[in-house]
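The values are calculated or read from the model by the stated rules, or taken from the named source; none is laboratory data. This one's a predicted model, so the numbers in the text were calculated from it and none came from an experiment. Reconstructed Cβ throughout: ideal geometry from the backbone, glycine too, with neighbour counts over all protein chains shown. Surface accessibility is based on the protein's heavy atoms, side chains included, excluding ligands, DNA and RNA. Shrake-Rupley method; radii C 1.70, N 1.55, O 1.52, S 1.80 Å.
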Amino acid sequence: MLKAGAAVEADAPIVRLENLDVRLLAVQADRDVASGRVDLMALQRSVGDDALVRESEAIALRTARADAVRRADAYGQSPGSFVSVLDAKRASEQATDAEQRTALAEKKLGVLGQFAPGQVQAMRTQIDARVEMSRVRHQMVDHLVVRAGAKGTVQDVLVELGQWVVPGTNVAKVI
């Protein structure tokens, strides 16, 4: 980026190195963050849908239970006179079944309410880790630009275009 004899400030870039592996890792880290955010939105939608479905089922079962209990009470007051004893027993059994199904539906709703926030928080934690990884990867890309480090004059640039450099190699001298 600069040649020998150039005056530089401390933060002036002198040489820009290329490492396609480092750049690829940064791009992959960005993709992982985006993918995690999509997964989080899908999880939130799924949890919301599940909650609505479970709540709807619970409401329907509460209504069915109330109807079954009313029918069982009405049939049970005078079995044999208006309805057969068999129908009265069936109505009683249906009321009991409706109560049990309602209780199970409410338990499902409770389980969903108990664990769904934890699932969402775990996904957010994973995304935060991915964001941090992406930040580190981009820092690695930023560190491919060699800066002067001090105000002065570039005495010599020790690398040429296309040259391979191993970590720790001096690439320029600033005096």
(request) Could you work out the Rg to Rh ratio of the stretch 1-101, with Rh taken as the Kirkwood radius (inverse of the mean 1/r over all Cα pairs)? (result) 1.73
(request) Return the tail of the calculated pair distribution for the stretch 77-137, meaning the percent of Cα-Cα pairs more than 18 Å apart. (result) 66
(message) Quick check: at a probe of 1.4 Å, how many percent of the accessible area of the stretch 32-175 sits on carbon and sulfur atoms?
(response) 56
(message) At 7 Å along Cα-to-Cβ for each site, give me the label-to-label distance between I175 and A129 in nm.
(response) 5.2
(request) For K151, list the lysines whose Cα falls under 18 Å from its own Cα; do not include residues on the same chain fewer than 8 positions away. (result) K3, K173
(message) If I take R0 = 41 Å and measure r between the Cβ atoms of V145 and V38 in this structure, what FRET efficiency does the formula 1/(1 + (r/R0)^6) give, to the nearest 0.05?
(response) 0.80
(message) Using a Cα-Cα cut-off of under 18 Å, which aspartates and glutamates could be cross-linked to K89, ignoring same-chain neighbours fewer than 8 residues away?
(response) D67, D73, D97, E99
(request) Between D21 and V53, with labels modelled 7 Å along Cα→Cβ, what's the label distance in nm to one decimal, could you check? (result) 4.6
(request) Would you mind computing, in nm to one decimal, how far apart the modelled labels at V120 and L158 are, each placed 7 Å from Cα along Cα→Cβ? (result) 5.6
(request) With no solvent and one equal point scatterer per Cα, compute the Debye intensity ratio I(q)/I(0) for the chain at 0.08 Å⁻¹ and report its log10, rounded to two decimals. (result) -0.56
(message) Rounded to the nearest 10 Å², what accessible area does M140 have for a 1.4 Å probe in the complete protein model?
(response) 80
(request) Putting +1 on Lys and Arg Cβ atoms and -1 on Asp and Glu Cβ atoms, find which of G36, Q100, A26 reaches farthest to the positive end of the dipole of the stretch 1-112. (result) Q100
(message) Keeping every protein chain present and rolling a 1.4 Å probe, give me the accessible area per residue for the stretch 1-135 in Å².
(response) 68
